[in-house]
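Worksheet: the structure to be examined is printed underneath.
Nothing in this text is a laboratory measurement; each read-out follows from the coordinates by a stated rule. Note that the structure is predicted; figures quoted are calculated from it, not measured. Backbone-built Cβ (ideal geometry, glycine too); neighbour counts: all protein chains shown.
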Amino acid sequence: MGRLHGVQGMSIQKHIERIVIEALLEAQRDGALPTVEPPDPRVERPHNPEHGDFACALPLRLARPMRLSPIAIAERIVERVKTGEGVARVWAVPPGFVNFALDSAWLTARVETILDAGPSYGNVDLGSGRRVQVEFVSVNPTGPLHVGHARGAVFGSALANVLAAAGYDVQKEYYVNDAGNQIDAFGRSILARYAQSYGRDVPLPEDGYRGGYVLELAGDLKAEEGDRFLSMDEAEAAAQLGSLGVRRMIDLIEADMEEIRVVYDEWFSERSLYDNGQYDRTVAMLRNGGHLKERDGATWFASSALGDNEDRVLVRRSGSPTYLAADAAYHMNKFVERGFDRVIDVWGADHQGQVPSMKAVAKALGIDEERLVLLVYQLVTLKRGGEVVRLAKRSGDIVTLRELVDEVGADACRFFFLSRSPESQMEFDVDLAKEQSAENPVYYVQYAHARIAGILRLACERGIDFRGGDVSRLGHEAELALIRKMLQLPELVEQMADALEPHHLPHYSVELAAAFQRFYEQCRVVSSLPEDLDLSMARLRLVDAARTTLARCLDLMSMTAPEQM
């Protein structure tokens with residue numbers, strides 16, 4: 001009952017939780033404790049290292065239903081926890097905690113476990129292969145991406161990475177809004193600029209797109225297509241130019257995403273929902289379920305009866321569908337046609353008001369609303385020298401994602417955008433992101449990896465083959481602290497996947513780099529003295545495990561792990 005079987009597949013934290021529950025059930029079978037249904041044990045790491053490696057407050061929550069003091073419950077649980085492999089000591093702490101200290105020999109043996117796991121270290125089987133779709137960014141293909149979209153791109157892709165590490169079958173998707181009024185306006189905007197380039201007096205539509213990129217796009221299409229659109233029917237010319245423009249914008253968006261290391265598994269076309277009948281089937285289903293009503297010449301979704309604060313227009317008087325209508329068909333496709341167990345939509349702050357409507361749609365379509373998760377991220381402010389800055393160069397009206405990546409690099413973008421929870425507004429300090437010093441957490445973490453790589457290179461240059469190093473020789477306080485920090489990664493992956501909070505990764509990476517730095521300062525790794533060779537080999541095994549763990553953190557954040565800096 002006191003055995004910890006490893007760190008692959010389940011975190012140490014989960015093992016300790018299992019130990020507590022098994023001891024509790026044994027105490028209930030013995031009659032030492034009343035039989036009540038145990039709640040989640042919630043094993044946590046104490047803030048004070050003197051309190052051990054883990055602490056469980058379960059006795060505090062059992063005191064009322066059991067009608068016993070928390071400390072008495074804790075003591076009876078402790079009596080039934082057998083120490084052994086992994087657990088060195090377990091004790092009761094007032095007012096009612098069960099605390100655990102891990103065995104040092106077991107801890108040092110985990111170095112080999114980490115090295116055996118290699119690039120998959122940190123993986124856990126929380127998801128058991130369940131299919132999850134993460135849809136993020138999904139900006140209208142009517143212009144380039146700006147820095148606000150970068151935050152959603154980084155968050156969505158890192159979340160997908162974490163879920164995959166937690167054992168889910170994850171698909172990353174971009175929903176391409178290539179139908180509807182915004183595409184019509186985009187086509188008419190390109191046509192106006194195209195005609196103007198031939199000297200025609202054609203005004204830009206009132207609902208048109210005014211960015212400088214539209215002017216460039218029209219010029220590019222003129223160079224490639226000539227003047228053939230001038231002799232066409234205006235509506236047909238706008239439609240064809242709009243289609244060409246959308247294709248170019250999608251290519252640009254895809255290239256921008258790759259610049260920030262985001263690669264999608266699927267680019268899903270909104271137009272396909274109309275072409276394959278999915279939209280018509282979804283509207284019919286809502287109508288048959290009694291969720292639609294006609295009013296003022298439009299079709300309304302009775303969403304107020306399903307938890308929304310008001311009813312919403314589904315189909316306008318003109319007969320054109322609203323975003324909500326398309327989203328209803330799209331989510332019907334996700335859950336019913338493609339069979340995802342869970343769908344996570346990552347939206348920008350401007351879509352906050354649509355969350356209740358989308359939840360109401362899920363209810364109306366018979367989809368368990370727990371299967372649909374809507375995450376909203378807040379705005380970004382760029383600063384340099386304490387002042388709000390604009391990085392726009394070509395467009396003159398937006399700060400593009402590509403301009404920011406060109407300025408500070410993809411690694412800094414990913415680390416800083418991920419370092420705050422999505423619901424909090426954030427400031428992106430351009431100067432700090434570019435600084436090459438320990439003040440810059442990106443540089444600090446990557447430099448730690450480069451330093452580790454340098455130590456391993458030095459060992460190779462000196463002909464030290466540390467593959468047979470005996471990690472049982474490890475025991476210095478700084479060595480054990482580094483191992484303890486490395487062993488937190490699997491439980492962190494579990495926690496992040498469960499709470500959908502990948503923003504803990506940057507902070508853990510800094511803590512891991514700091515733990516390595518303390519070890520490096522206190523423990524000489526590569527020694528030229530023959531009598532130190534065995535300890536050097538053991539420490540090099542530890543250093544290699546630290547490289548594995550830190551590289552995995554960087555990989556989960558889709559950042560590079562430099563060998564030298």
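Side notes on the structure shown:
- Pairs of Lys residues in the chain that lie 8 or more places apart, or on two chains, and have C-alpha atoms under 20 angstrom apart add up to 10.
- Length-normalised contact order for region 7-160 - Cα pairs under 8 Å, 6+ apart - percent: 20
- Think of the chain as a dipole: +1 on every Lys or Arg Cβ, -1 on every Asp or Glu Cβ, centred on the Cα centre; then among Leu286, Ile19, Met496, Ile19 lies furthest on the positive end.
- MRE, 222 nm, helices only [DSSP H, n ≥ 4, -39500 (n - 2.57), over the chain, to nearest 500]: -15500 deg cm²/dmol
- Sum of side-chain charges, Gln352 neighbourhood, beta-carbon under 14 Å (Lys, Arg +1; Asp, Glu -1): -3
- Summary of the geometry: region 422-459 and region 39-78, compared by the centres of their Cα atoms, lie 38 Å apart.
- Protection proxy ranking for 316-327, 89-100, using the average of other Cβ atoms within 10 Å per residue and placing the highest first: 89-100, 316-327.
- The mean of 1/r over all pairs of different alpha-carbon atoms in region 181-258, once inverted, gives a Kirkwood hydrodynamic radius of 12.4 Å.
- Taking label points 7 Å from Cα along the Cα-to-Cβ direction, Ser421 and Gln378 give a separation of 1.0 nm.
- Sum of side-chain charges, Ala459 neighbourhood, beta-carbon under 15 Å (Lys, Arg +1; Asp, Glu -1): +2
- Local electrostatic count at Val442 - Lys and Arg +1, Asp and Glu -1, tallied over other residues with Cβ under 12 Å: -2
- The slack in the chain from Cys460 to Arg45, taken as 0.36 nm per residue of separation less the alpha-carbon distance, amounts to 145.7 nm.
- Computed lengthening from Glu439 to Asp116, 0.36 nm per intervening residue step minus Cα-Cα distance: 112.9 nm
- Ordering 514-526, 170-182 by mean Cβ neighbour count within 10 Å, with the highest value first, yields 170-182, 514-526.
- For region 29-43, backbone nitrogen atoms closer than 19 Å to the point 7 Å from Lys82 Cα along Cα-to-C-beta are found at 29-32.
- Normalising the average separation of contacting C-alpha pairs (under 8 angstrom, six or more residues apart) by the number of residues puts the relative contact order of the chain at 16 percent.
- The angle separating the long axis of helix 488-499 from the principal Cα axis of greatest extent in the chain is about 40 degrees.
- Taking His503, His149, His51 and counting other C-beta atoms within 10 Å, the order from fewest to most: His51, His503, His149
- Scattering curve values for region 291-411, log₁₀ I(q)/I(0), Debye with Cα scatterers, q = 0.09, 0.18, 0.19, 0.21 Å⁻¹: -0.40, -0.94, -0.99, -1.12
- Segment Arg248-Glu266, length gained on full extension (0.36 nm per residue, minus Cα span): 4.7 nm
- Peptides ranked, highest mean first, by Cβ atoms within 10 Å: ranges 535-541, 268-274, 35-41: 535-541, 268-274, 35-41
- Computed from Cα positions, the angle between helix 533-556 and the longest principal axis of the chain comes to roughly 30 degrees.
- FRET efficiency, Asp470 to Arg518 (Cβ-Cβ, R0 25 Å, nearest 0.05): 0.65
- Candidate values (i) 24.2; (ii) 32.8; (iii) 27.2 were compared with Kirkwood radius over Cα pairs in Å computed on the shown model; the agreeing label is (iii).
- Residue among Tyr213, Gln133, Thr83 farthest towards the positive dipole end of the chain, charges placed on Cβ: Thr83
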